[in-house]
């Protein structure tokens with residue numbers, strides 16, 4: 001019996017592992033069967049433990065689990081004993097006796113690490129304040145679909161050094177593509193790059209110059225509601241708009257993980273332009289997450 005594996009960070013995968021995962025996502029999207037059973041999650045139950053609310057993450061995982069033949073059990077944090085103070089290690093061991101995997105969407109990254117440490121079943125990070133691996137895997141798959149070589153591309157991140165920025169850094173470290181992040185002072189990513197192909201600047205024009213893909217996110221994420229006005233002032237010059245796209249590569253692509261605050265971090269014009277891959281990347285969460293589930297459980 002093979003050892004239990006988790007998906008907490010892109011660093012859980014090698015370069016070849018990520019490319020294989022994306023290749024399988026492409027097959028699943030096209031309806032090409034794999035070498036295993038047609039319904040690899042048949043008879044399996046996957047728990048979805050959410051401390052943070054969600055649209056795309058919840059729906060894409062529930063639909064994906066069902067399409068693979070499994071059953072999803074949604075657990076709101078406050079509806080289970082964790083909301084009343086039960087230790088994570090106790091919940092992890094109990095849930096491991098009932099379920100075949102746990103999908104977790106929470107605040108602290110230490111939560112998914114603690115659950116993974118004590119669980120005897122795979123744990124999938126569906127978002128923490130530190131990392132959002134499922135989203136960036138979907139983004140990379142989307143860029144592959146439009147013909148970009150994700151190992152050699154030039155990418156830019158504009159805005160907050162949040163969990164998305166951190167995950168783009170880990171992706172660049174593993175895959176080797178060039179990444180320039182433009183973040184205001186005091187809002188740098190907390191993950192420090194280990195490769196020379198990742199740079200940080202305060203100048204969005206420098207970051208966007210010749211970039212083949214530009215990605216951004218809201219200025220204030222969930223849990224930062226009390227910082228909204230302060231962040232609007234700080235991030236006012238960090239908007240993805242048509243003027244910024246003019247500095248990028250001729251066929252630049254634009255990504256946003258949603259939800260978007262149109263007119264703040266990105267303009268309506270760019271969101272609705274033919275350079276926007278926003279809706280494709282939202283859909284591709286489904287296919288990539290199916291590949292993750294199949295890989296861990298199939």
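The values are calculated or read from the model by the stated rules, or taken from the named source; none is laboratory data. From a predicted model like this one, the values you see are computed outputs, not experimental measurements. Reconstructed Cβ throughout: ideal geometry from the backbone, glycine too, with neighbour counts over all protein chains shown.
Brief remarks on what is shown
- Among residues of segment 230-245, those that are in contact with a helix residue (DSSP H, G or I) (Cβ under 9 Å, 6 or more places away or on another chain) and assigned to a loop (DSSP other than H, G, I, E, B), counted: 4
- Scanning segment 251-277 for residues being part of a loop (DSSP other than H, G, I, E, B), touching a strand residue (DSSP E or B) at 6+ places or on another chain (Cβ under 8 Å) and surrounded by fewer than 14 Cβ atoms within 10 Å (Cβ to Cβ) gives a total of 1.
- Scope segment 1-18; condition surrounded by fewer than 16 Cβ atoms within 10 Å (Cβ to Cβ) and at pLDDT 95 or above; matching residues: 5, 11, 14, 15, 16, 17
- Only one entry in 280, 226 is in a helix (DSSP H, G or I), within 17 Å of the chain's Cα centre (by Cα) and surrounded by fewer than 19 Cβ atoms within 10 Å (Cβ to Cβ), namely 280.
- Any hit, segment 195-202, residues being surrounded by fewer than 22 Cβ atoms within 10 Å (Cβ to Cβ), in contact with a helix residue (DSSP H, G or I) (Cβ under 7 Å, 6 or more places away or on another chain), modelled with pLDDT of 95 or more and more than 22 Å from residue 246 (Cβ to Cβ): yes
- Residues located in segment 147-159, provided they are touching a helix residue (DSSP H, G or I) at 6+ places or on another chain (Cβ under 9 Å) and either under 18 Å from residue 27 (Cβ atoms) or assigned to a strand (DSSP E or B) (or both): 150, 155, 156, 157, 158
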